[in-house]
Amino acid sequence: MSRGDATDLSQKLSLCSKLCFAIGGAPKEVASSATAFFLQIYLLDVAQINAVQASMVLFIGKAWGAVTDPIVGFFITKSRWTKIGRLMPWMLGCTPFLVVSYFYLWFVPPFSSGRFVWYLGFYCLYQTLITCFHVPYSALTMFLSTDQKERDSATAYRMTMEVLGTLVGAAIQGQIVASAHTLKHCPTHNTSAGYLGNSSGAEIVKSLVHSQDYLSHAVSVTAPRREPRYPYAPKTEKQIPFHQAFILVMRHGPYLTLTAAFLFITVAIQLIQSNFVLFCTYAADLSEHFQNIVLTILVSAVISIPLWQWFLQRFGKKTAAFCGITWIMPFTMMLVFIPNVVVAYVVAVSSGLSVAASLLLPWSMLPDVVDDFRLANPFSKGHEAIFYSFYVFFTKFAAGISLGVSNLCLEFAGYDTGACKQPAPVVYTLKLLIGAAPVAFIVTGLMILLLYPISEDVRLRNKLCLEELRCVEIINAHLREKL
């Protein structure tokens, strides 16, 4: 891909460009998958803080991460352009500090009275730094190409690598937490695994550091050294203030519909992710299998992403979203009512299809919303970070509330930290958190998605109109040069 503002964004992206862009997101997912699947049970049964404190750590941390998304988006829009663009300095600068905060998040301090403050502080710091990486990285999609098909292809590569990163994180952290949790949960097992409680952060951070070393190289060659400056907006027009841009974005109907729909869907997936290990341990008697079941879900997701990429190109993104996300509902209910090993692995394979769809579809549909906004507001430019940061803000905030509420439900049900078995109300609560609650959220999200107005016909029409705008701007630019 050529350098400078003259980059031809309409040309096809090379395989190398797509891979480099995709690999940039994998290290973040190594860390994110570990926290999504295992932080809750780690806090409860390895660090041994009570359920209310664990609930506060997860909720406040997620809420803090949500708040930092629009703040980081604001500062990105105010950042100056550098030799490597406006987005990549944020990604490269936060990486070393992200590694340090992640290490201490999984370190059990030698004191017990202040562990709540320890984990709350480092979880909030981790959420802040992961936001400083994720917002500019996700917004970079809009600068890869003006061709919607090429952006969708790059997004599919990205999702495949991110799920692979999720797989690596779950594989490493799953085995570590399983060993440490088994020891603390049932002390009759081999005590040689005792040191793993303190070393879990150290083990996975070794992998994360190596991945982040490659990330710095991969992201630096992802796209042009200098991100092209808004190919559709007239260059003579000044950028409007942030608050006005925010109002414009929040009034854009397709954006609000898409965000609201996937907000509920994300909450459902988050509930399943965060409570799945507890469910396997206490409600389904699958404590010896949970890490392998998680790996099965993620392997299924990795394999199915190319399938969903083909499906959305063949039948449309909205249809793909409905087909992909509804797939998980009957299988989670099946696991609740038939909790045995065979059913668990069947559910894991089937659930991986929906996990892949929930990861791929929103990030594939969001660029279409940005294009629709550009067409409706041709004189407004440079708001990609607002779209991506506030989308993450809303979904993170909702996920934080769901995590906090689910932990409080466990506390009210009588969750006993470190116990070998939990009382019947806790088992019943876990079944609700895995089965009925996610199904209700998914149905709500899909009902909202019915109102999403950007069909395949609208998307193709927008593509043609934006290409016309770009051609007019190129002609005007040539005329200005002659004058």
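The values are calculated or read from the model by the stated rules, or taken from the named source; none is laboratory data. The structure presented is a predicted model; accordingly, all values stated were derived computationally and were not measured. We place every Cβ from the backbone using ideal geometry, glycine too, and count neighbours over all the protein chains shown. All accessible areas refer to the heavy atoms of the entire protein, side chains included, with ligands and DNA or RNA removed. Shrake-Rupley method; radii C 1.70, N 1.55, O 1.52, S 1.80 Å.
How many residues are farther than 26 Å from residue 318 by Cα and either of a type in the set (A, V, I, L, M, F, W, C) or in contact with a Phe, Trp or Tyr (Cβ under 7 Å, 6 or more places away or on another chain) (or both) when one looks only at region 422-468? Outline the logic, then answer.
Of the residues in region 422-468, the ones farther than 26 Å from residue 318 by Cα are 422-433.
Narrowing the set further to residues that are either of a type in the set (A, V, I, L, M, F, W, C) or in contact with a Phe, Trp or Tyr (Cβ under 7 Å, 6 or more places away or on another chain) (or both) leaves 422, 424, 426-427, 430, 432-433.
The qualifying residues number 7.
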- Hey, does region 335-355 have a residue that's open to solvent by 30 Å² or more (accessible area, probe 1.4 Å) and among the aromatic types (Phe, Trp, Tyr)? yes
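Assess whether residue 407 counts as being out of contact with any helix residue (DSSP H, G or I) (no Cβ under 9 Å at 6 or more places or on another chain) and modelled with pLDDT under 90. I'd like the intermediate steps shown before the answer.
Working: out of contact with any helix residue (DSSP H, G or I) (no Cβ under 9 Å at 6 or more places or on another chain): no; modelled with pLDDT under 90: yes.
For residue 407, the condition - out of contact with any helix residue (DSSP H, G or I) (no Cβ under 9 Å at 6 or more places or on another chain) and modelled with pLDDT under 90 - is not met.
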- Are any of the residues in region 83-104 hydrophobic (A, V, I, L, M, F, W, C) and either assigned by the TED database to the domain that holds residue 406 or assigned to a loop (DSSP other than H, G, I, E, B) (or both)? yes
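Would a scan of region 297-310 turn up a residue that is within 30 Å of residue 415 (Cα to Cα), in a helix (DSSP H, G or I) and out of contact with any strand residue (DSSP E or B) (no Cβ under 7 Å at 6 or more places or on another chain)? Outline the logic, then answer.
The first filter runs over region 297-310 and keeps only residues within 30 Å of residue 415 (Cα to Cα), leaving 297-298.
From what's left, in a helix (DSSP H, G or I): 297-298.
Going one step further and asking which of them are out of contact with any strand residue (DSSP E or B) (no Cβ under 7 Å at 6 or more places or on another chain), we end up with 297-298.
The answer is yes, given that some residue of region 297-310 is within 30 Å of residue 415 (Cα to Cα), in a helix (DSSP H, G or I) and out of contact with any strand residue (DSSP E or B) (no Cβ under 7 Å at 6 or more places or on another chain).
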- Over region 33-67, the set of residues open to solvent by 10 Å² or more (accessible area, probe 1.4 Å) and either of a type in the set (Lys, Arg) or closer than 17 Å to residue 125 by Cα (or both) is 35, 36, 56, 59, 60, 62, 63, 64, 67
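Tell me the residue from 96, 70 that is under 17 Å from the mean Cα position of the chain (by Cα) and either open to solvent by less than 10 Å² (accessible area, probe 1.4 Å) or not acidic (Asp, Glu) (or both), please. Quick ask: steps written out before the conclusion?
Numbers: 96 fails: under 17 Å from the mean Cα position of the chain (by Cα).
After ruling out the rest, the residue left standing is 70.
Rundown of residues vs (1) at negative phi; (2) in contact (Cβ under 8 Å) with a residue 24 or more places away in the chain, yes/no style:
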position: 344; (1), (2): yes, yes
position: 358; (1), (2): yes, yes
position: 363; (1), (2): yes, yes
position: 390; (1), (2): yes, yes
position: 396; (1), (2): yes, yes
position: 402; (1), (2): yes, yes
position: 409; (1), (2): yes, yes
position: 414; (1), (2): no, no
position: 423; (1), (2): yes, no
- Looking only at region 440-478, which residues are open to solvent by less than 50 Å² (accessible area, probe 1.4 Å), assigned to a helix (DSSP H, G or I) and closer than 14 Å to residue 371 by Cβ? 458, 459, 462, 465, 466, 470
- Item | Hits in region 368-400 - residues which are within 18 Å of residue 140 (Cα to Cα), assigned to a helix (DSSP H, G or I), touching an Asp or Glu at 6+ places or on another chain (Cβ under 8 Å) and not hydrophobic (A, V, I, L, M, F, W, C) | 389
